[in-house]
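Laboratory data are not the source of any read-out in this text; all were calculated from the coordinates shown. None of these values were measured; they are calculated from a predicted model. Here Cβ is always computed from backbone atoms with ideal geometry, including for glycine, and neighbour counts include all displayed protein chains.
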Amino acid sequence: MELARHLGQRLQGIAAISRQAEQRDCWTDVSFPKIEVDTYQTAFGALLSLVVPNRLDRLAEQIHRFSPDVLLFPMFHPWNAGLQQRLAEIPSVVFVHDPQAHPDLSGWFYQRLEDRSLRRASRCVVLSRSLIHHLVRRGVDGERVDVVPLGAFSYSHTSLSDKAGNVLDKTDRHVPTLLFFGRIVSYKGLDILIRAYTRLRTKMPCRLVIAGEGRLAPYRPLLKHLPEVKVINRWIAEDEIASIFARSDLVVLPYTSASQSGIIPIAASFGLPVVATRVGGLEEQIEEGVSGWLVPARDEQALVAAMYAALSNRDEARKRGFALKERYETLFGWERIADLVVKSLELAKQARGSA
């Protein structure tokens, strides 16, 4: 949506939006005309939509009537390859968020669908330079790969929701708050963070907020003796995100593997400092010692030290948080991102024209 807003200032286009998308109502201020289509809501529905592709066929026909120069797929979707096949005469640019699938997301069916899309793509886009070689290993020519970073998201401009606020404000707001945000899966390193937090709270008063859906059972033994930890174990709605970040002092990403993180741009929009691990593209999002803290993955002691440094020196933490915000407003501003995407689209069009 952020990308579409800025592309709308540079080129003519049309946006195909799922009626099942949570952010569907937010697209009203995007200048592109829109095609709304029913997709699916469950994994079985996704499979059925491919076996009986009536809706996919109709969408391809609608797009074909618009006669676009290029197709842009900003995220993976099971329909991508099918649309590319049906509109084979039109070059396509495909964003690949996770060229090396996360341990919890790898799956034969998912990989096969995305590989079909990559083979049909005129150009592919990754979100950090460190990921190019993963795409090359999947058979994509490195000359066809462009790098476009994630930009800051505008949650800081939305109103605070009482739904999340009522949970978080039950404790003293003067106590520094650490935030772990996002899906709870093994590679996110939540177990490492909980152990590090247990050690940190012996050094200084602090609290931990865990917000996101996923299986909490593996972590319950670690949380058993930490009643002050606040857990919101469910999908976090768009209108709750601002409240959670606004009530936090430090965002922590203890990941053991990563492509890049959409959490860092949210933290940047609030000017919040971040402690993250040196994995994947996280090192390209945060400049160590300037716009955050970077520590080795699985290094519990280093994680404790970084969190303590951030919470015990609030001026330095505030300085790095503002630096992160400035970094995203300049290097990763949406105007620059839109320019990079337009360049990729132009290259795709030229490649097809010269074929």
Q. Just how far, in whole angstrom, is segment 60-133 from segment 243-320 if you go by their alpha carbon centroids?
A. 31
Q) Here are some pairs, Lys224/Lys319; Lys188/Lys224; Lys203/Lys230; which of them have Cα atoms lying more than 23 Å apart in this structure? A) Lys224/Lys319
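With +1 on the Cβ of every Lys and Arg and -1 on the Cβ of every Asp and Glu, and nothing else charged, how large is the dipole of segment 154-330 about its Cα centre, in debye rounded to the nearest 20? Working shown, then result.
Numbers: 24 positive and 20 negative charges, 137 e Å.
The dipole magnitude comes to about 660 debye.
Could you work out the helix-only [θ] at 222 nm for the chain, with each DSSP H run of four or more residues adding -39,500 (n - 2.57) and the total divided by the number of residues, to the nearest 500 deg cm²/dmol? All intermediate terms of the calculation are to be shown ahead of the outcome.
Numbers: 15 runs with 145 residues, N = 355.
Theoretical 222 nm ellipticity from helices: -12000 deg cm²/dmol.
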Q: Just name one of Val290, Tyr197, Val252: the one whose Cα is farthest towards the positive end of the charge dipole of segment 154-330 (beta-carbon charges, Lys/Arg +1, Asp/Glu -1).
A: Tyr197
Q: Please order Asp299, Asp25, Asp38 by the number of other Cβ within 10 Å, starting at the fewest.
A: Asp25, Asp38, Asp299
**Q.** Per-bin percent of Cα-Cα distances, segment 154-330 [5 Å]
**A.** 1, 9, 19, 23, 24, 16, 7, 1, 0
Q) Given the convex hull of the Cα atoms of segment 266-314, what is a quarter of its surface area in nm²? A) 3.5
Q | Shape metrics for the chain, restricted to C-alpha atoms - Rg then Dmax, Å | A | 21.3, 65
